[in-house]
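Computed from the coordinates by the stated procedures, all read-outs in this text should not be read as laboratory data. All figures in this text were calculated on a predicted structure; none of them were measured in a lab. Reconstructed Cβ throughout: ideal geometry from the backbone, glycine too, with neighbour counts over all protein chains shown.
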Amino acid sequence: MKKLFFFALTAMTAVMTLNSCGSKSVAKSSEIENPDGAIVALSEPEQYALSKPGKRGYGMGQSQNENTARNIAVTQAQAQLARNISTKVEAAWDIFNEQVNQASNSNDEGGSVRDEQGTYREKMQALVKEQVASTSIVKVQKNFSKTRVWTYRVCVEYDESVADMAKKVAQKMQQRVSEQDRKKIEQHREQFEKEIEKKLNEM
């Protein structure tokens, strides 16, 4: 009986060893793989931001002054959110621009939208930053080290819906383009809004 128990225990140990050797560590949703290939844990604000990158941004700030550390973190979080949104709004603009050009009766009618594309992209980035200023802090982690340095990690969230964001971006974009293109956007306003909303919801 003792021999049977010994063999069973040995076999179970061998199986467990093989399984542990053959398995590969997989990052959980609360972890991320850094450039060196190591899996590191994410802070709660960072996890929360990643769950909705179209509405949330993450930032970290450090300073011996607590308010300064917090302000740096908020500024970084808003900047990250603005970059996320700008990328999608630019993609929506490219699609809308192409569709308007194809629908035009002549090359001249679609030309100014195409020729001003670079300038419009800068304007889009600027107005997105304006919109992102309307954010609230939804997650915070703070730490005061032995070296008397404050570390703040925050997640900010855009206060309104994605649909509202799309409407406001389209409206402000219409106000900042040439007279000719203003009319084009006005004629296809709903189409532009839907394209922006669609891209933001992909995130």
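Summing +1 for each Lys or Arg and -1 for each Asp or Glu among the other residues whose beta-carbon sits under 14 angstrom from that of ALA79 gives +2.
If you scale each eigenvalue of the Cα gyration tensor by 5 and take the root, what three semi-axes come out for region 44-203, rounded to whole angstrom and sorted largest first?
With the √(5λ) rule applied to region 44-203, the semi-axes are 38, 14, 11 Å.
Taking Cβ atoms as reference points and 12 Å as the exclusive limit, the residues near ILE137 contribute a net charge of +3, counting Lys and Arg as +1 and Asp and Glu as -1. Over 25 Å between Cα atoms, which of LYS55/LYS146; LYS52/LYS129; LYS55/LYS194 qualify? Too far apart for the 25 Å limit: LYS55/LYS146.
Count charges around SER51 for me, please; just the other residues with Cβ under 12 Å from its Cβ, Lys/Arg as +1, Asp/Glu as -1. Result for the local shell: +1. Look at the alpha carbon pairs under 8 Å that are at least 6 residues apart: their mean separation over the length of region 125-178 gives a relative contact order of 35 percent.
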